[in-house]
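The values are calculated or read from the model by the stated rules, or taken from the named source; none is laboratory data. Small disclaimer: the values here were computed from a predicted structure and weren't measured. Positions of Cβ are backbone-derived with ideal geometry, glycine not excepted, and every protein chain shown enters the neighbour counts.
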Amino acid sequence: MRIAPLLSNFIKPFGIYKNNQNEYSSYNTTVKTFGLKQDIFVKEPSFTSIKGGTDFKNLVDTKKLHCIYCGRPLLSAKVLNKLKTNGVFSDSIKNFVQQMLNYTEYLHPAEKEFVKKTAILAFDYPNIRLSETIKKLFPQAYKELLNEQKPVFKELATLVNEMPRGYKTKFKELLKISKYKIEEKEYIPQKFSGKEFRYKMSRIEDTLKDEYMAKKINKLSEPLIHPIMRKEKEPLTQKFINDILFLTETRDINSINWTKKDLELLIINKIKQYGEILNRKDILYLCDSAQKTIEGKPVKVKFSNKSFKYDLNTILEGMPDIQLRQKIDSIVSKLPNSLTSVNAFIIKHELAASDAIGYDLLRPSVATIEHMVPRSLGGASKLNNYALACSRDNNMRSDTDLKEFIKKFDKKNQIKYFADIFEEVYNWNISMDTAEEMLETFMYESGRQISLPKTYSKTAPRKQNNKIINKCKKRRK
Ligand SMILES: [Zn+2]
């Protein structure tokens, strides 16, 4: 008999407390369990459980939702973290493979191939761990990857002579350095990038079981991207120096005339000490090459598609020949990466700890909030501008125009995605208004028309088209 008071509470505020959703959100789940759905409330539910991006993303903890782009199932970040903290990734490969069978739907082709290779290896070496698996697979994978990469670079090299003045030398230099990298040869890098170091370190931090240490390392690398460090002409301040001395627990405070180089080395040395405590080769490797780069000594740097593309973009910025640019991009897109080539996956993880390898297998599938209108273009951080996308596609899109980016993906993925979103309207998670606005934003930004099954349009009559467009235009400003 407790239903009645609850119900009356629930019905009364309709329209009255519309802006006071938090107060009533707790009724939401209760009502749902009594099966009171659709007919009475569905037209305009005032109480929905999803208030912002975090709630939206957390939907995947309990629901099977799919990426708006690639249509692959989205993995809950909580599940990934649990696997890491439960030690699934650092277990023997026999146990690891067994556990992984529950997650194969999240794996990309190269990752599936890697798990398969691991499973085969587990017949002979059931008790080794993932990091040792990589070592066993490395020699073969290295040879094969070189064979995959070389033709791409050969093709790029044929374009050197087509490059306009001012771009040619830099392009040639990049190809030369890339060759050193893919052949794992030493070379003298030009400049240390604190930004790149911090980015790479943050990827490692994610994979650390010891969150306290991860935070400490993160804090330590923070000054490396401070404006004082980034801008050559910016002078050092005593406060900045003191902060770093404090962070790195350096005692002989007044003995040296600190330079930026000294401070960078101090920070990296401290991180390295943590890497030793944690017994993480990936941290030590990253610190070692950073130290050598700062000191101007030759280093061996692993080739990474990501930094190659980043460097290429920097070099080609503003190049007038758009056709040539497209030609380059289409060649570069043929480079094997850790999702398309099992060899690239193995090489990338040469020094990685077992936890990091396991984490990387599933991380690309983790659900992230995608801003349909990118933040950099003034897109609001509001539900009506949000979509759920896998971490991989979200990273890949970055600020690319949605009209351009969406071309790579099948429209049926988006139909499925929005069918799921509208399903959540009936589950009291998303309001009909919000769901409609999400769909409108998507259609306007992508230029794709999505028609939903009739059941949805019945309760949600489409608004006037020009009204929608005006609304989206406004949002874009
Ligand atoms: Zn995706």
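Quick check on this structure: which one of ILE369, ILE347, ILE322 is touching a strand residue (DSSP E or B) at 6+ places or on another chain (Cβ under 9 Å) and of a type outside the set (Phe, Trp, Tyr)?
Details: ILE347 fails: touching a strand residue (DSSP E or B) at 6+ places or on another chain (Cβ under 9 Å); ILE322 fails: touching a strand residue (DSSP E or B) at 6+ places or on another chain (Cβ under 9 Å).
So the residue among ILE369, ILE347, ILE322 that is touching a strand residue (DSSP E or B) at 6+ places or on another chain (Cβ under 9 Å) and of a type outside the set (Phe, Trp, Tyr) is ILE369.
Of the residues GLU184, GLU205, only one is buried (at least 16 other Cβ atoms within 10 Å of the Cβ), out of contact with any His (no Cβ under 7 Å at 6 or more places or on another chain), at pLDDT below 95 and under 22 Å from ALA352 (Cβ atoms); which?
It is GLU205.
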Check your understanding: Among ASP410, ASP420, which is touching a residue at least 60 places away in the same chain (Cβ under 8 Å), assigned by TED's automatic domain parsing to the domain that holds LYS64, within 15 Å of the ligand (Cβ to nearest atom) and over 26 Å from ALA110 (Cβ atoms)?
Key -> ASP420
Review point. Is it true that some residue in segment 269-287 is without any contact (Cβ under 8 Å) to a residue 40 or more places away in the chain, surrounded by 13 or more Cβ atoms within 10 Å (Cβ to Cβ) and small (Gly, Ala, Ser)?
Key: yes
Review point. Restricting segment 361-399 to residues that are among the β-branched types (Val, Ile, Thr) and within 15 Å of the ligand (Cβ to nearest atom), which is farthest from THR441 (Cα to Cα)?
Key: VAL366
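Would you mind stating whether ILE241 is part of a helix (DSSP H, G or I) and in the same structural domain as GLY296 (by TED's automatic domain parsing)?
Values: part of a helix (DSSP H, G or I): yes; in the same structural domain as GLY296 (by TED's automatic domain parsing): yes.
When the stated conditions are applied, ILE241 passes them.
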Revision key, fill the gap. In segment 369-400, anything without any contact (Cβ under 8 Å) to a residue 24 or more places away in the chain and not polar (S, T, N, Q) is listed as HIS371, ARG375, LYS382, MET396
Review point. On the given criteria, is SER431 within 16 Å of the ligand (Cβ to nearest atom) and hydroxyl-bearing (Ser, Thr, Tyr)?
Key: no
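Confirm whether THR104 is surrounded by fewer than 19 Cβ atoms within 10 Å (Cβ to Cβ), within 25 Å of the chain's Cα centre (by Cα), within 21 Å of ASP393 (Cβ to Cβ) and of a type in the set (S, T, N, Q).
Numbers: surrounded by fewer than 19 Cβ atoms within 10 Å (Cβ to Cβ): yes; within 25 Å of the chain's Cα centre (by Cα): yes; within 21 Å of ASP393 (Cβ to Cβ): yes; of a type in the set (S, T, N, Q): yes.
Taking the combined requirement at face value, the residue satisfies it.
What helices (runs of 4 or more DSSP H) completely inside segment 363-454 contain at least 3 residues that are within 27 Å of LYS78 (Cα to Cα) and at pLDDT below 95? Walk me through it before giving the result.
Details: elements: 391-397, 402-405, 411-426, 432-446.
Hits in segment 363-454: 391-397, 411-426, 432-446.
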Point to revise | Selection count where residues are of a type in the set (S, T, N, Q) and touching an Asp or Glu at 6+ places or on another chain (Cβ under 7 Å), scope segment 349-379 | key: 1
Review point. Counting residues that are within 16 Å of the ligand (Cβ to nearest atom), within 29 Å of LYS408 (Cβ to Cβ) and assigned by TED's automatic domain parsing to the domain that holds LEU361, which helices (runs of 4 or more DSSP H) fully inside segment 49-133 reach at least 3?
Key: 109-124
Check your understanding: Which condition breaks for PHE171 when tested against (1) closer than 30 Å to PRO320 by Cβ; (2) modelled with pLDDT of 95 or more; (3) not charged (D, E, K, R)?
Key -> (2)
